[in-house]
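A.B. asks: My structure is below; once you've seen it, I'll send some questions.
The values are calculated or read from the model by the stated rules, or taken from the named source; none is laboratory data. This is a predicted model, so every value here is computed, not measured. Methodologically, a virtual Cβ is constructed for each residue, glycine included, from the backbone with ideal geometry; neighbour enumeration extends over all protein chains shown. Accessible surface is based on the protein model in full, side chains and every heavy atom, while ligands, DNA and RNA are left aside. Shrake-Rupley method; radii C 1.70, N 1.55, O 1.52, S 1.80 Å.
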Amino acid sequence: MPVTSVAGDDAAGVLVTPGFVDGHIHPDKTTWGSSWLSRRPAPRLSDLISHDLQAQLGYADGVEDQAYALMRNAVENGTMAMRAHVDVGTQIGLKNIHGVRAAAERLAPYLKVQIVAFPQFGMLSNPGTLELMEASLSEGADLVGGIDPQSLDGDLGGHLDAVFGLARKYGRHLDIHLHDTGQDALMQLREIARRTIAEGLQGLVTIGHAFALCEPSEPDLSMTLDAMADAGMWVATCALGADPVPALGLLENHGVRVALGSDAVRDSWSPFGTGSMVDRMHLLGYRTGALTDAELEHCLRIATVGGAELVGVPEVLGFSGAGSAHRVEFAAASAPELVVNRPAPLRVVRNGTPVTF
């Protein structure tokens, strides 16, 4: 499948690409289009989570409107689908799930949104959250999420029993954040791979961030990547500022598929981000040291086709060139130039019609 094409002579200099897919974003707590949020130092993950909750409880605008503002900006920048991780917990109930689902319905002609029920504040360690996770699957959530089973919940087996149990009961896919590093985190990845195969969920489990895979000196890295490939597991990376980024070629050589996401956008976790996957693929190239045309084009493929394979977006996967009914048009001479210059789209076309608001 082509990833780009050059439009005809009547539109010289126009590069046409498939739509972009954001494979990992948190639109429920963005302040996009709202007032500035000042942030405090947070040396530990637990500090970030605590600050995040305090910030969410203090937001003046509703979840729906803030999520809509960010998601609309993503659409205008060429995003045609996204996987949204939305917080669920006893502290906030299911209001974020309801808000993001309502925002997604307003954008339904232009944007496919998969919602992951995400236990940001802990699941087993936050009593009542598991029940809310289950309830969310009938109130707007599509996937079962998890987060740091060992370091946050303190119970690898119990956490995986819970999330795989929900996936089995409701026939859903899984998407688990794993921020941990080192040999213990690699062990967790291998256990998730083992359970994925045992549950018959090959190709349906994603690991967000997977920072442990970014440490090439770890002796168990190769065997872990092989186990993940055998289970058909995905990695969603976000090319964030100080966070490690995996070697794309290494993952590809082992057969581990990669998608790209925005992660936090203008929320308590980060003052940065735009929701534009054009910006994000540029950062992916920059953070991974992409220099050659092939390496830069690989970033474009991950931001479009890779994400579409993860989320399941036939209109992106069916891209056939300048005549495609679903396409994004740029003023660029080539894909590498597009990745480096990151221009705004000239047009985003859905069902043969330019997107307008």
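A.B. asks: In segment 261-287, how many are aromatic (Phe, Trp, Tyr) and at pLDDT below 90? Steps first, please.
C.D. replies: Of segment 261-287, the ones aromatic (Phe, Trp, Tyr) are 269, 272, 286.
Within this subset, residues satisfying the condition of being at pLDDT below 90 are 269, 272.
Residues flagged as aromatic (Phe, Trp, Tyr) and at pLDDT below 90 within segment 261-287 amount to 2.
Every residue, every condition in (1) within 18 Å of Ile207 (Cβ to Cβ); (2) buried (at least 18 other Cβ atoms within 10 Å of the Cβ), yes or no:
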site	(1), (2)
Thr274	no, no
Tyr286	no, no
Ala290	no, yes
Leu296	no, yes
Cys299	no, yes
Gly306	yes, yes
Leu310	yes, yes
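A.B. asks: So which residues in segment 343-356 are among the basic types (Lys, Arg) and crowded, with 19+ Cβ neighbours inside 10 Å? Full working, then the answer.
C.D. replies: To start, the set of residues in segment 343-356 that are among the basic types (Lys, Arg) comprises 347, 350.
Listed by number, the list is empty, since nothing qualifies.
A.B. asks: If a residue counts only when it is closer than 25 Å to Val278 by Cβ, which helices (runs of 4 or more DSSP H) contained entirely in segment 69-174 have at least 3 such residues? So that I can check it myself, show each step before the final result.
C.D. replies: Details: elements: 95-106, 129-136, 156-170.
The helices (runs of 4 or more DSSP H) meeting that bar are 95-106.
A.B. asks: If you take the residues in segment 160-176 that are crowded, with 17+ Cβ neighbours inside 10 Å and small (Gly, Ala, Ser), which one is nearest to His98 (Cα to Cα)?
C.D. replies: Here is the first cut: in segment 160-176, the ones crowded, with 17+ Cβ neighbours inside 10 Å are 160, 162-164, 166-167, 172-176.
Now narrow it down to the ones that are small (Gly, Ala, Ser): 162, 167.
Values: Ala162: 23, Ala167: 20 Å.
That would be Ala167.
A.B. asks: Quick one: which residue in Gly157, Gly145, Gly122 is open to solvent by 10 Å² or more (accessible area, probe 1.4 Å) and not charged (D, E, K, R)? I'd like the intermediate steps shown before the answer.
C.D. replies: On the way: Gly145 fails: open to solvent by 10 Å² or more (accessible area, probe 1.4 Å); Gly122 fails: open to solvent by 10 Å² or more (accessible area, probe 1.4 Å).
The unique qualifying residue is Gly157.
A.B. asks: Can you tell me which of Asp226, Asp180 is within 19 Å of the chain's Cα centre (by Cα) and of a type in the set (Asp, Glu)? Step through it out loud before you land on a result.
C.D. replies: Details: Asp226 fails: within 19 Å of the chain's Cα centre (by Cα).
Unique residue meeting the criteria: Asp180.
A.B. asks: For segment 177-206, what are the residues that are open to solvent by 10 Å² or more (accessible area, probe 1.4 Å), in contact (Cβ under 8 Å) with a residue 24 or more places away in the chain and part of a helix (DSSP H, G or I)? Quick ask: steps written out before the conclusion?
C.D. replies: Just the residues of segment 177-206 that are open to solvent by 10 Å² or more (accessible area, probe 1.4 Å), to begin with: 179-184, 187, 190-191, 194-195, 197-204.
Now restrict to residues that are in contact (Cβ under 8 Å) with a residue 24 or more places away in the chain: 179-184, 187, 190-191, 194-195, 197, 199, 201-204.
Those that are open to solvent by 10 Å² or more (accessible area, probe 1.4 Å), in contact (Cβ under 8 Å) with a residue 24 or more places away in the chain and part of a helix (DSSP H, G or I): Gly182, Gln183, Asp184, Met187, Arg190, Glu191, Arg194, Arg195, Ile197.
A.B. asks: If you don't mind, there's one more thing I want to ask. Residues to consider are Glu215, Glu139; find the one that is surrounded by fewer than 22 Cβ atoms within 10 Å (Cβ to Cβ) and in contact with a Leu (Cβ under 6 Å, 6 or more places away or on another chain).
C.D. replies: Working: Glu215 fails: in contact with a Leu (Cβ under 6 Å, 6 or more places away or on another chain).
Testing whether each residue is surrounded by fewer than 22 Cβ atoms within 10 Å (Cβ to Cβ) and in contact with a Leu (Cβ under 6 Å, 6 or more places away or on another chain) leaves just Glu139.
A.B. asks: Over 14 Å from Asp87 (Cβ atoms), modelled with pLDDT of 95 or more and polar (S, T, N, Q): is that true of Ser138 in this structure?
C.D. replies: Working: over 14 Å from Asp87 (Cβ atoms): yes; modelled with pLDDT of 95 or more: yes; polar (S, T, N, Q): yes.
So Ser138 fits the description; yes.
A.B. asks: Residues of segment 240-263 being part of a loop (DSSP other than H, G, I, E, B) and surrounded by fewer than 21 Cβ atoms within 10 Å (Cβ to Cβ), which ones?
C.D. replies: Leu240, Gly241, Ala242, Asp243, Pro244, Val245, Ala247, Gly255
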